[in-house]
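Take a look at the structure set out below.
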Amino acid sequence: FTYTPAAGTVLGAGNNQTLSVTFTPTDTTDYAAATATAPISVVPATPSFMGLTPSQSILYGAGSISLAGTITGNTSAIPPGSVSITIDGATQTAAVQTNGTFSTTFHTHAIPASTTPYAITYSYAATSDFQAASDSSTSLLVITANITAVSPNPRNTTVSQIALSFSSPISTTV
């Protein structure tokens with residue numbers, strides 16, 4: 001038997017692709033050669049996200065956070081290209097590796113503090129072989145640091161230096 005395309009070939013998405021098989025007998029006295037064809041339509045695979053970095057909280061002004069995950073298809077093929085990651089209108093891209101993983105260091109210094117978490121949206125744009133996909137199941141809460149103490153008390157006191165204590169560590173990198 002000779003198959004076209006070859007047996008085991010993963011077809012790309014598309015309508016009315018032709019599959020054919022030709023039987024060539026070794027005993028041409030008792031058997032005749034035969035060919036058969038069949039059309040097949042292949043729809044684009046449906047990708048999905050898994051293993052995304054869990055939701056997290058940071059203090060306002062933190063320089064960056066690490067975000068990662070895996071994108072897979074409903075086939076053995078891995079969606080090629082990149083994943084766009086968006087938080088509060090800021091978007092960065094992460095390249096999809098051959099095993100489906102992706103990661104990036106997302107710069108957060110311009111994201112304002114809020115009492116409501118921001119959705120972290122992971123998006124994959126459609127290609128000829130994969131449908132578009134999106135996931136907003138994780139979030140980022142950007143909190144304001146609270147001043148818990150000021151010493152010495154600056155009221156009516158001339159001081160050359162003031163020490164501030166915060167309720168949480170402050171990132172000094174931007």
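Key figures for this structure:
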| quantity | calculated |
| --- | --- |
| Subset of the stretch 108-145 (residues that are in a strand (DSSP E or B) and either closer than 15 Å to T53 by Cβ or charged (D, E, K, R) (or both)) | Y118, A119, I120, T121, Y122, D135, S136, S137, T138, S139, L140, L141 |
| Subset of the stretch 81-100 (residues that are farther than 15 Å from F49 by Cα and within 8 Å of the chain's Cα centre (by Cα)) | none |
| Residue that is under 27 Å from P5 (Cβ atoms), free of Cβ contacts under 8 Å to residues at least 40 places away in the same chain and surrounded by fewer than 14 Cβ atoms within 10 Å (Cβ to Cβ), where the choices are A126, A32 | A32 |
| Residue match in the stretch 77-93 (condition: assigned to a loop (DSSP other than H, G, I, E, B), hydroxyl-bearing (S, T, Y) and open to solvent by 70 Å² or more (accessible area, probe 1.4 Å)) | no |
| Lone unmet requirement of (1) surrounded by 12 or more Cβ atoms within 10 Å (Cβ to Cβ); (2) at pLDDT 90 or above; (3) of a type in the set (A, V, I, L, M, F, W, C); (4) more than 16 Å from the chain's Cα centre (by Cα) for I40 | (1) |
| Residue match in the stretch 130-151 (condition: of a type in the set (S, T, Y), surrounded by fewer than 13 Cβ atoms within 10 Å (Cβ to Cβ), modelled with pLDDT under 75 and over 28 Å from A77 (Cβ atoms)) | yes |
| Unmet criterion (only one of (1) more than 30 Å from N146 (Cβ to Cβ); (2) open to solvent by 20 Å² or more (accessible area, probe 1.4 Å)) for H109 | (1) |
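The values are calculated or read from the model by the stated rules, or taken from the named source; none is laboratory data. Computed from a predicted structure; not experimentally measured. Positions of Cβ are generated from backbone atoms using ideal geometry, with glycine treated the same way; all protein chains shown enter the neighbour counts. For the accessible areas, the whole protein counts, side chains as well, though only heavy atoms, and no ligand, DNA or RNA atoms are used. Shrake-Rupley method; radii C 1.70, N 1.55, O 1.52, S 1.80 Å.
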